[in-house]
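Have a look at the structure below before the remarks.
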């Protein structure tokens, strides 16, 4: 059974930028039964903690959050620990839109308006966009969608896409992320789950698919064009 946002917890940790810190932190979390689901790491480049390491975890099955935080703070290299709601609770499922600027904007218009209708009723659906041109850049971006946390569906919005982009679409679909394509020149529409002529409608379809309350399911119209 997939986890719900209430199954997950999140915490951020600021530490010294030293080798072995991640191992020390993970050891403490494992001792408390925290099953780590996601990790993000970066070096802080601004503010009073510049040069320090920033660690973000989402986890489940922790026995005692207060004791976990206390034990993490006992690690010499750890400076601060804060606990939060997970991103899945705050931002929810992500609709990813990639392609040409004008088409991306129109798909986003449909997606944002539809997401607002669902979110106002308690869901959490966010919309991410990036306008790109060029086969290689598009293929790299499409491949990266499978590595994005919470990415639930991809919409390809452009005038012509094919070649390496089509191969990347196949890989994303194999990873379990459905793909909607606008009607366009090139081979991408033949590789997508659904082809839609109207960009605004494509955005609406994408949000309706990831919604927990909508009745639209892309698998029931797979391979069709609208």
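Tabulated values for the structure
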read-out: Cα gyration tensor category, rounded, prolate or oblate, for the range 53-148 with a/c compared to 1.5; value: oblate
read-out: q = 0.19 Å⁻¹: log10 I(q)/I(0) that the Debye formula gives for the range 142-226, counting C-alpha atoms only; value: -0.78
read-out: Gyration tensor (alpha-carbon) shape descriptor, the range 12-104, a/c threshold 1.5; value: oblate
read-out: Peptides 34-47, 127-140, 155-168 ordered by average Cβ neighbours within 10 Å, highest first; value: 155-168, 127-140, 34-47
read-out: Angle in degrees between helix 135-145 and the longest Cα principal axis of the chain, rounded to the nearest 10; value: 50
read-out: Residue of 15, 197, 27 that the Gaussian network model of the chain assigns the largest fluctuation, springs spanning Cα pairs under 10 Å; value: 27
read-out: Cα-based helix-to-principal-axis angle, 101-119 vs the chain, degrees rounded to 10; value: 60
read-out: Computed E for residue 215/residue 85 - FRET, C-beta separation, R0 41 angstrom, nearest 0.05; value: 0.90
read-out: Crossing angle, helix 21-31 versus the chain [Cα axis fit, 0-90 degrees, rounded to tens]; value: 80
read-out: Length-normalised contact order of the range 5-88 in % [C-alpha pairs under 8 Å, at least 6 apart]; value: 46
read-out: Sequence-separation-based contact order of the chain, relative, with Cα cut under 8 Å and 6+ spacing, percent; value: 17
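Read-outs throughout are calculated quantities, based only on the coordinates presented, and are distinct from any laboratory measurement. Since the model is a prediction, treat every value here as computed from it, not as a measurement. Here Cβ is always computed from backbone atoms with ideal geometry, including for glycine, and neighbour counts include all displayed protein chains.
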